[in-house]
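First, the structure itself, so that you have it in front of you.
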């Protein structure tokens, strides 16, 4: 295993058996009228739906697991847009999971793993875990 914090340190693609990316557990609170657009946004970001809890007649909490690299750049802004500013978003680091091979074949995608919002108060890993072909089973 190799921890990579900079995409320039990635080994050649033919030497990579798999790459693991950080996932987060997200909790989104929104008015019920925005459930559809919020679910669509999370699905678009490769999210795994975990549940919906209706708190009151007009509020809902939506639970998702999302890849960290899908939320760092524009997720919060888009969430606010689809909910007209009413949704709130909280997350915690969950675990590393195997990244789809299509997401790490280009270095431009790999660069997204190392970006982390500078204003974030969360402590989330900003690295990828690379498993070399010669050292790991696929």
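Sort 92-100, 68-76 for me by packing, meaning the mean count of neighbouring Cβ atoms within 10 Å per residue, highest on top. Write out the running numbers ahead of the final one.
On the way: 92-100: 14.1, 68-76: 18.3.
Ranking, from highest mean packing down: 68-76, 92-100.
Residue separation times 0.36 nm, minus the C-alpha to C-alpha distance between residue 18 and residue 97: what's the value? If you can, show how the numbers build up before the last one.
Values: separation 79, 0.36 × 79 = 28.44 nm, distance 1.00 nm.
Contour length minus the Cα-Cα distance gives 27.4 nm.
Give me 50, 45 ranked fewest to most by other Cβ atoms within 10 Å of their Cβ, as a rough exposure proxy. Walk me through the numbers before you get to the answer.
Working: 50 12, 45 18.
If I rank by nearby Cβ atoms, fewest first, I get 50, 45.
Quick one: order 82, 48 by neighbouring beta-carbon count within 10 Å, fewest to most. All intermediate terms of the calculation are to be shown ahead of the outcome.
Working: 82 17, 48 14.
If I rank by nearby Cβ atoms, fewest first, I get 48, 82.
When 1, 29 are ordered from fewest to most other Cβ atoms inside 10 Å of their Cβ, what list results?
Numbers: 1 9, 29 17.
Sorted ascending by nearby Cβ count, the order is 1, 29.
FYI, it's all coordinate maths here, none of it is from the lab. Here the structure is a predicted model, which means the values were calculated and not measured. Because the Cβ atoms are built from the backbone with ideal geometry, glycine has one as well, and the counts that use them run over all protein chains shown.
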